[in-house]
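All remarks here apply to the structure that follows.
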Amino acid sequence: MKKIRKAVIPVAGMGTRFLPVTKSVAKEMLPIVNKPTLHYIIEEAVQSGIEEILLITNPYKKVIEDYFDQSYELEHRLEEKGKTDELTLVKEISNMARIYTIRQGEPLGSGHAVLLAKNFVGDEPFVVMYGDDLMKCERPALQQLIDVYEKHDASVIGTMKVTEDVVERYGILELEDEKTGKLKTMVEKPKREEAPSLFAGLGRYIVKPEIFSVLEQLKRGVGNEYQFSDAMKELMKKEPFYMCEIDGTYYDTGSQFGYLKANIDFALQREDLKEQVLEHMKQIIEEEK
Ligand code: UTP
């Protein structure tokens, strides 16, 4: 079985749910407390043993390339001022992993974005992580997927159970075998009564390189875009896919409420902020009464 070494993170979407800020700021760069969402996602990849990362960015998201690059001027200034803690923090970012970027000229969909990674990936299974799907887990979410991959030597989709009222927002998994988690297919944004389960596919996938020949043949789907989920559905007809029920909390930081929730929860995890945040929340609740 081939080791999982490479991750592809598409971050070239338009972020329409987060306009107007996404007019000039990539949603993947919006901070959860003091670090961009994408920083946490790359940390998750590194903690899961990923060695090389390809970010699919776009011509308007240069800020992403800069963030993960070395910043000589800033480092020099921090050094001069004796700000050693801050210097370490900044230096760590460019040393996290080998990070490459490629640009998607037009936002033609997640499937179109992943296809651009074909040469980077070569002939090995790899990971796709969506740049706005944030996970807070004790064992890194991606590591949990890798565990399932290593058990079955097959493709894996990360999932969590959602409530009936939100199935319409997700790709919902249909199981072939409940015991092993083997998948039959996926239904994109089904109506409540048509959902085959409550397992929603979240932005963590492990796929075999055969996905690229499917992506090359792919037709446009929802929103007139090339959808990565459509390609996985197609490959599922020929190859086994398993689900990995992620143990942790999921935040869709591409939605405004998901983003706010992540900020509150991550702030409450910080010893230096927890008391102040709780005090502020108590005050608000009192005033609302
Ligand atoms: P989303 O559907 O969450 O991103 O795609 P979006 O299209 O930016 O969202 P809205 O609905 O307009 O707010 C999942 C991931 O795929 C990337 C996004 O940046 C996100 O991280 N993506 C999407 C691309 O890289 N290219 C695309 O053409 C579309």
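Quick note: the coordinates plus some simple rules give every number you see, no bench work behind them. The model shown is predicted, which means the values in this text are computed figures rather than measured ones. Note that we place each Cβ from the backbone using ideal geometry, even for glycine, and neighbour counts take in every protein chain shown.
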- prompt: At residue 72 and residue 91, where each label point lies 7 Å from the Cα along Cα→Cβ, what is the point-to-point distance in nanometres?
  reply: 1.7 nm
task: Please identify which residues in the stretch 108-125 have an amide N closer than 16 Å to a label point set 7 Å out from the Cα of residue 210, following the Cα→Cβ vector.
output: 123-125
query: If eta is 1.567 mPa s and T is 4 °C, what Stokes-Einstein diffusion coefficient results for the stretch 96-204, Kirkwood Rh from Cα pairs, in µm²/s?
result: 82 µm²/s
- request: For a label point 7 Å from the Cα of residue 164 along Cα→C-beta, name the residues of the stretch 180-196 whose backbone N is under 12 Å from it.
  value: 192-195
- request: For the stretch 163-289, state what percent of all Cα-Cα pairs lands in each successive 5 Å bin, counting from 0 Å until the bin that includes the largest distance.
  value: 2, 9, 14, 16, 17, 12, 9, 7, 7, 5, 2, 0
- line: One finds, for residue 224 and residue 273 with R0 = 45 angstrom and r their Cβ-Cβ distance, a FRET efficiency to the nearest 0.05 of 0.55
query: Which aspartates and glutamates, on any chain, are close to residue 261 with Cα under 16 Å apart, when same-chain ones fewer than 8 places away are left out?
result: 28, 132, 133, 252
query: Tell me, what ³J(HN,Hα) does each residue in the stretch 204-216 have, in order and in whole Hz, if you take phi through Karplus 6.51 cos²θ - 1.76 cosθ + 1.60 with θ = phi - 60° and put x for Gly and Pro?
result: 9, 9, 10, 10, 7, x, 4, 4, 5, 5, 5, 4, 5
message: Run the helix sum for the chain: -39,500 (n - 2.57) per DSSP H stretch of 4+ residues, divided by residue count, reported at 222 nm to the nearest 500 deg cm²/dmol.
response: -10500 deg cm²/dmol
- request: Label the stretch 1-126 by shape, choosing from rounded, prolate and oblate, from the square roots a ≥ b ≥ c of the eigenvalues of the Cα gyration tensor; if a/c is under 1.5 it is rounded, and otherwise prolate applies when a/b is larger than b/c, oblate when it is not.
  value: oblate
message: Cut-off under 19 Å on the C-alpha distance; same-chain residues fewer than 8 positions from residue 182 excluded. Which lysines are left, in chain and number order?
response: 151, 161, 208, 233, 237, 238
message: Starting from the 7 Å offset along Cα-to-Cβ, what nm value, one decimal, do you get for the label separation of residue 120 and residue 282?
response: 4.7 nm
field: Listed peptides 58-70, 198-210 by packing density, highest first (mean Cβ within 10 Å)
entry: 198-210, 58-70
- request: Distance from a point 7 Å along Cα→Cβ of residue 174 to each backbone N in the stretch 229-249: keep the residues under 17 Å and list them by number.
  value: 229-243
query: Tell me, how many Å apart are the Cα centres for the stretch 166-206 and for the stretch 211-257?
result: 11 Å
task: Pop the C-beta distance of residue 191 and residue 238 into the FRET formula with R0 = 30 Å and round what comes out to the nearest 0.05.
output: 0.60
message: List the residues, sorted by chain then number, that are 5 or more residues from residue 202 or on another chain and whose placed amide H is less than 5 Å from its amide H.
response: 158, 159, 160
- prompt: Kirkwood Rh, the chain, all Cα pairs: how many Å?
  reply: 20.1 Å
- request: Within the stretch 107-169, list the GluC sites (Glu not before Pro) lying in a DSSP loop whose Cβ has at most 10 other Cβ atoms in a 10 Å radius.
  value: 138
message: Once each part is reduced to its C-alpha centroid, what is the distance from the stretch 68-114 to the stretch 138-153 in angstrom?
response: 27 Å
statement: Sorted on mean Cβ neighbours within 10 Å (highest first), peptides 108-114, 275-281 come out as 108-114, 275-281
query: When the convex hull of the Cα atoms of the stretch 171-220 is projected onto a plane and the area is averaged over all directions, what value comes out in nm²?
result: 4.6 nm²
- prompt: Over all directions, what mean area does the Cα convex hull of the stretch 41-107 project, stated in square nanometres?
  reply: 5.2 nm²
query: Over the Cα atoms of the stretch 201-259, what is the Rg over Rh ratio if Rh follows Kirkwood?
result: 1.03
